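No value in this document is a laboratory result; all are computed from the given coordinates. The structure presented is a predicted model; accordingly, all values stated were derived computationally and were not measured. Positions of Cβ are generated from backbone atoms using ideal geometry, with glycine treated the same way; all protein chains shown enter the neighbour counts.
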Amino acid sequence: MTRGLVVDASVALAIVRRESGSDSAAAAIRDAGILAVPELFWLEIVNVLLRRHGLRPEVVVEAIRELDELDLTTVQLDRPTSLLALDQAARSGLTAYDAVYLALAEAADLDLLTLDAALAAAAGPRAVALDRGNHYARETPAPYATPGVDWRRYGPYLARLRTSTGGRS
């Protein structure tokens, strides 16, 4: 049993749509302790099922119910985690939406379960590699697209955030 996983939308969508990779994703979830998702996860699922796949609202509700049975813990995003996502997006070229999954995994010290190759590459050893047919999500990380942020100049602001969130960072 793993200590826990952050589950990204690519995995959840594969499970509810019975896509390639869903069997290995379901096995990884069964073997995990904590299953965490950022609060935007639910909107991402709804948006993809409604817009990309054109499903009717009642079918989307059924998919949400199915995912809810996985006992996912929804984590509200605080400003420190949002800033960590900003840093990940700037350094790795991920969208802010994808970077928040990695930021949550880092903040909670969990592994990241994803079928997204770019997200898995950015997560490095924190990523749980899943078989999607003959394609593995884990790839060699690409060089950073932009230099990292010099967070030292934001020290007083970050210290205030830590104090206001009870020491969580």
Label model pair ARG18, ARG3: point-to-point distance (7 angstrom along the Cα→beta-carbon line) in nm is 3.7
So, with points 7 Å from each Cα along the Cβ direction, the THR163-ARG126 label distance in nm works out to 2.7
Just round it to a whole percent: the fraction of Cα-Cα distances in region 4-97 exceeding 20 Å.
41
